[in-house]
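Asks: Pasting a structure below so you can have a look.
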Amino acid sequence: CSKLCYAVGGAPYQITGCALGFFLQIYLLDVAQVDAFYASIILFAGRVWDAITDPMVGFFISKTSWTRFGRLMPWIIFSTPFAIISYFLIWFVPDISTGQVMWYLVFYCAFQTLVTCFHVPYSALTMFISREQSERDSATAYRMTVEVLGTVLGTAIQGQIVGKVDTPCIESPFFFGLTNSSVAMEELNMTHDTESLTDTRNAYMIAAGVIGGLYLLCALILLLGVREKRESSELQSDEPVSFFQGLKLVMNHGPYIKLIAGFLFTSLAFMLLEGNFALFCTYTLGFRNEFQNILLAIMLSATLTIPLWQWFLTRFGKKRAVYVGISSAIPFLIAVVVLDSNLFVTYVVAIAAGISVAAAFLLPWSMLPDVIDDFKLQHPSSPGHEAIFFSFYVFFTKFTAGVSLGISTLSLDFAGYQTRGCSQPGQVNFTLKMLVSAVPVGLILLSLLLFKLYPIDEEKRRKNKKALQDLR
């Protein structure tokens, strides 16, 4: 029961993150009608700020005193209501002629800060559930199953509510004669804009309200069903060490650096795919009214295969699961671009790609506790740095993801992206193909090379487990 309640607590981060990841770019460009250049600034700055707040929150958590609720739970309690409010305001189009870009930038950054105050202590809570690595692995598998289910909910709620409304598009002026193109565009704007665009904006706000309610419900289940165990993370020789001393020790720990380097490029690959997939389906594949269902197929497939990967890593080891799971995405990323646009083939590719997405979700969080245990053996007199491990792990992936998403949106701007266009120029379609296929494949191949250097295999894990039991 405790592990199930713990797992439910991971859903808010994934539900909101999935909705933002898949839909914020197309929302800013085609619904809020923010210029592509400024949209790239919002996405870049929001992600970078999100990355910066992770180690900041990790620092303040390490300075937090234990209360009757624990050391981590108070952060989750106080951040939740403000996170829900700021999330809703991200999907609201303000009736202001100037300052719209600042509106989205402020509330996007505010939400990223508040959700970090929820997710960093929640992630570190893994180390306070039990001393047994098998129990932590089991809790992580529960959590990953619910988190991938959260991405399904985020995709389904946002996609199905928004997909019910037909967002108006504008034909390219090149389809009209040069002499009357401006007149035609003006007539189309007047015809398409007002009512349909208002319905689309209302749909985004309804979806935000539903997701906000789920955020609150999941947070309450976590708080009522999980007890933070202080003794689970402590060894016999515990003595306090300062945050910066701990940070220096953590960043000099070889297995940690090799693990985050490998998953850094894996995360980049999947975040590029996530951020540009809605635009790719809408414009390059031509499935304007189907992309939300294609996304749902990917996430449902990922959810159903999480138990398969949990069995695989316990049977064959985590390193082998990394090689098989992440590399299996490559042929499908290539196929979706190389094959002709066909809805049935696209669904087949989406379902197959979801299997690899499941591995990318589960494996990083399953391997990180092994690194922390290895660190504890090498530094038994330096406890209490779990939040540093988790926060900087997230920091590196988010920072580079912010850079990549900013650059990808800027690339679309340079390619000539047309806001609310019914179709896009050839350069935009080529850019989208690169962003969802060629670049992610290259990043995955690079990450697989880096994982060869990761030193903690199954034999090493067993030795560490025995040594930790003796030390305690």
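The values are calculated or read from the model by the stated rules, or taken from the named source; none is laboratory data. Just so it is clear, the model here is predicted, and its values are computed rather than measured. As a convention, Cβ positions derive from the backbone with ideal geometry for all residues, glycine included, and neighbour counts pool all protein chains shown. Heads up: the accessible areas ignore ligands, DNA and RNA and are worked out on the full protein's heavy atoms, side chains in. Shrake-Rupley method; radii C 1.70, N 1.55, O 1.52, S 1.80 Å.
Asks: Any residue at all in the range 123-131 that's within 15 Å of the chain's Cα centre (by Cα), part of a helix (DSSP H, G or I), modelled with pLDDT of 75 or more and buried (at least 19 other Cβ atoms within 10 Å of the Cβ)?
Replies: Pass one, the range 123-131, residues within 15 Å of the chain's Cα centre (by Cα): 123.
In the following step, the residues that additionally are part of a helix (DSSP H, G or I) were identified as 123.
Those left that are additionally modelled with pLDDT of 75 or more: 123.
Next, only the ones that are buried (at least 19 other Cβ atoms within 10 Å of the Cβ) stay: 123.
Yes, there is a match, as at least one residue in the range 123-131 is within 15 Å of the chain's Cα centre (by Cα), part of a helix (DSSP H, G or I), modelled with pLDDT of 75 or more and buried (at least 19 other Cβ atoms within 10 Å of the Cβ).
Asks: Pairs please, first residue from the range 53-80 and without any contact (Cβ under 8 Å) to a residue 24 or more places away in the chain, second anywhere and in a loop (DSSP other than H, G, I, E, B), Cβ atoms under 6 Å, 6+ apart in sequence or on different chains.
Replies: T64/R71
Asks: Could you identify the single residue in S404, S408, S391, S381 that is at pLDDT below 75, outside any loop (DSSP other than H, G, I, E, B) and either assigned by the TED database to the domain that holds Q245 or open to solvent by less than 10 Å² (accessible area, probe 1.4 Å) (or both)? Walk me through how you get there before you give the answer.
Replies: Details: S404 fails: at pLDDT below 75; S408 fails: at pLDDT below 75; S381 fails: outside any loop (DSSP other than H, G, I, E, B).
Checking each option against the conditions leaves just S391.
Asks: If R288 satisfies every condition in (1) farther than 13 Å from T346 by Cα; (2) assigned to a helix (DSSP H, G or I) but one, which is the exception?
Replies: (2)
Matching residues to (1) of a type outside the set (A, V, I, L, M, F, W, C); (2) exposed (fewer than 14 other Cβ atoms within 10 Å of the Cβ); (3) at pLDDT 70 or above:
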{"position": "V165", "(1), (2), (3)": "no, no, yes"}
{"position": "M185", "(1), (2), (3)": "no, no, no"}
{"position": "L197", "(1), (2), (3)": "no, no, yes"}
{"position": "G212", "(1), (2), (3)": "yes, no, yes"}
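Asks: Do we have T419 as open to solvent by 20 Å² or more (accessible area, probe 1.4 Å) and in a loop (DSSP other than H, G, I, E, B) here? Walk me through it before giving the result.
Replies: On the way: open to solvent by 20 Å² or more (accessible area, probe 1.4 Å): yes; in a loop (DSSP other than H, G, I, E, B): yes.
Taking the combined requirement at face value, the residue satisfies it.
Asks: Restricting to the range 251-304, and then to whatever is touching a Leu at 6+ places or on another chain (Cβ under 7 Å) and small (G, A, S), can you tell me which residue is most open to solvent (accessible area, probe 1.4 Å)?
Replies: Across the range 251-304, the extreme among qualifying residues is A261.
Asks: May I ask you to list pairs of residues, at least six apart or on different chains, whose Cβ atoms are under 9 Å apart, with the first in the range 243-265 being over 18 Å from W365 (Cα atoms) and free of Cβ contacts under 8 Å to residues at least 40 places away in the same chain and the second being open to solvent by 30 Å² or more (accessible area, probe 1.4 Å) and of a type outside the set (S, T, N, Q)?
Replies: From the range 243-265, the pairs are F244/F59.
Rundown of residues vs (1) more than 20 Å from M205 (Cβ to Cβ); (2) in the same structural domain as G212 (by the TED database); (3) open to solvent by less than 50 Å² (accessible area, probe 1.4 Å); (4) assigned to a loop (DSSP other than H, G, I, E, B), yes/no style:
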{"site": "F22", "(1), (2), (3), (4)": "no, yes, yes, no"}
{"site": "A32", "(1), (2), (3), (4)": "no, yes, yes, yes"}
{"site": "T53", "(1), (2), (3), (4)": "yes, yes, yes, no"}
{"site": "V93", "(1), (2), (3), (4)": "no, yes, yes, yes"}
{"site": "I96", "(1), (2), (3), (4)": "no, yes, no, yes"}
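Asks: Restricting attention to the range 429-440, does a residue exist that is touching a residue at least 12 places away in the same chain (Cβ under 8 Å), surrounded by fewer than 19 Cβ atoms within 10 Å (Cβ to Cβ) and among the aromatic types (F, W, Y)?
Replies: The answer is yes, given that some residue of the range 429-440 is touching a residue at least 12 places away in the same chain (Cβ under 8 Å), surrounded by fewer than 19 Cβ atoms within 10 Å (Cβ to Cβ) and among the aromatic types (F, W, Y).
Asks: Any idea which residue in the range 319-360 is nearest to I456 (Cα to Cα), counting only those that are without any contact (Cβ under 8 Å) to a residue 24 or more places away in the chain and open to solvent by 60 Å² or more (accessible area, probe 1.4 Å)?
Replies: Our first condition is that a residue be without any contact (Cβ under 8 Å) to a residue 24 or more places away in the chain; within the range 319-360, this holds for 320, 331, 335, 338-340, 342, 344-345, 348-349.
Filter once more, keeping what is open to solvent by 60 Å² or more (accessible area, probe 1.4 Å): 320, 331, 338-340, 342, 344, 348.
Values: R320: 12, P331: 28, V338: 37, L339: 39, D340: 43, N342: 43, F344: 41, V348: 35 Å.
For the range 319-360, the residue satisfying everything is R320.
Asks: Now for a different question. Tally up the residues in the range 294-339 that are outside any helix (DSSP H, G or I) and of a type outside the set (A, V, I, L, M, F, W, C), please. Working first, answer last.
Replies: Step one: list which residues in the range 294-339 are outside any helix (DSSP H, G or I), which gives 317, 328, 339.
Still in the running and of a type outside the set (A, V, I, L, M, F, W, C): 317, 328.
Counting residues in the range 294-339 that are outside any helix (DSSP H, G or I) and of a type outside the set (A, V, I, L, M, F, W, C) gives 2.
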